[in-house]
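Please read the structure below before turning to the comments.
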Amino acid sequence: MSEQATEGQRRVWTMGDYPVIARHLMPISVETVDFVGVRAGHRVLDVGVGTGNAAIEAARRGAEVTGVDLTPAQIELARARCTSEGVKVDLRVGDAQALEVPDATFDVVLSVMGVIFAPNHGWAVAELARVCRPTGTVAVTAWAGGGWSSRWRSRTAHLVPPPPPGSPAPDEWGELDEVVRRFATAGLDATVEERPFDFRFPSVEDGMEVFLGAAGPFVAFMETASALGRGEEARAELRAAMEESNQADDGTCVLPAPYLLAVAHP
Ligand SMILES: C[S@@+](CC[C@H](N)C(=O)[O-])C[C@H]1O[C@@H](n2cnc3c(N)ncnc32)[C@H](O)[C@@H]1O
């Protein structure tokens, strides 16, 4: 990955207060770990481990778990969380596109909203395939197209300069056929299904506060928009996107954010 893209990603995922977002996303990790049947004795790799959601869930089931993340600040938070939750995970700073792991090491290689942020999806998927044992399982989750992730980005894209070439394109992982194709390129036969997920907040105002205060990509977007003198406009567009997406009719805020779960075997 280019030095610029690496630094950009590290900066984004150090902004805000990611553990707040991780708590919202925890059900996706639990579902993924359940779906692939992680059990005691498995060697598991969590790529883009963040603050440890899937890794910790796998370790609780008795697996021997390694977690890799590009962002040192995320690894530090994951270490602190593992200590406070009393679970053992081998945590390392590293790039999904060039894993410092021998071939065919893991029974389960998973990535929950992690490798989707690697700019070169071909390298990333090839690495997941390389480190998976021949009898193992690779599982990746991505935000499905049309949900909250793509909705806010498309709604606000006109307010900030386009990302430089070589930037991650997580929304490109949002189409089921495209995900199957990406896995096939690495020699993996993937089954992909869309699963429901909702962000839930007591109100739209609370949702705004959580995303703008805690989620790195939103914080970075607002920083750029504000530097261009478009902070108010950006905030208004985000609020409009949230109000449009909100499915609740009781004053709360429910944002549909379905995700794709791809499960593949070498
Ligand atoms: C949305 S967070 C997901 C974290 C965690 N899996 C979870 O479910 O909460 C995305 C994570 O991917 C990491 N990341 C981004 N690009 C990466 C790369 N090329 N290699 C490894 N990790 C990466 C970020 O640092 C961040 O921690």
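Quick check on my filter: what residues within the range 125-149 are at pLDDT 95 or above, farther than 15 Å from Thr191 by Cα and among the hydroxyl-bearing types (Ser, Thr, Tyr)? Selection gives Thr135 alone.
So which residues in the range 102-119 are among the hydroxyl-bearing types (Ser, Thr, Tyr) and more than 12 Å from the ligand (Cβ to nearest atom)?
Correct list: Thr105 only.
Residues that are β-branched (Val, Ile, Thr), assigned to a loop (DSSP other than H, G, I, E, B) and under 28 Å from Val30 (Cβ atoms) occur in the range 252-259; there is at least one.
Restricting attention to the range 87-101 and to residues that are among the charged types (D, E, K, R) and not in a loop (DSSP other than H, G, I, E, B), the residue that is nearest to the ligand (Cβ to nearest atom) turns out to be Asp95.
Residue by residue, here is whether (1) more than 18 Å from the chain's Cα centre (by Cα); (2) open to solvent by 50 Å² or more (accessible area, probe 1.4 Å); (3) β-branched (Val, Ile, Thr) holds:
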residue	(1), (2), (3)
Val87	yes, no, yes
Asp95	no, no, no
Asp107	yes, no, no
Trp123	no, yes, no
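Scanning the range 44-85 for residues that are touching a Lys or Arg at 6+ places or on another chain (Cβ under 8 Å) and of a type in the set (Lys, Arg) gives a single hit, Arg61. If the condition is being surrounded by fewer than 24 Cβ atoms within 10 Å (Cβ to Cβ) and either within 12 Å of the ligand (Cβ to nearest atom) or farther than 18 Å from Ala262 by Cα (or both), then the range 36-55 contributes Arg39, Ala40, Gly41, His42, Arg43.
None of Arg130, Arg153, Arg181 is in contact with a helix residue (DSSP H, G or I) (Cβ under 8 Å, 6 or more places away or on another chain) and either in a helix (DSSP H, G or I) or open to solvent by less than 60 Å² (accessible area, probe 1.4 Å) (or both) except Arg153. Looking at Glu193, Glu244, just one residue is acidic (Asp, Glu) and not in a helix (DSSP H, G or I), and that residue is Glu193. Remark: Ala73 falls outside the filter, which requires a residue to be buried (at least 23 other Cβ atoms within 10 Å of the Cβ), near the ligand (Cβ under 9 Å from one of its atoms) and at pLDDT 95 or above.
Once the range 156-178 is narrowed to residues that are of a type in the set (Gly, Ala, Ser) and under 14 Å from the mean Cα position of the chain (by Cα), the residue that is most open to solvent (accessible area, probe 1.4 Å) is Ala169.
The values are calculated or read from the model by the stated rules, or taken from the named source; none is laboratory data. These numbers were taken from a predicted model, which means no experiment stands behind them. Using ideal geometry, Cβ is built from the backbone for each residue, glycine included, and neighbour counts are taken over all protein chains shown. All accessible areas refer to the heavy atoms of the entire protein, side chains included, with ligands and DNA or RNA removed. Shrake-Rupley method; radii C 1.70, N 1.55, O 1.52, S 1.80 Å.
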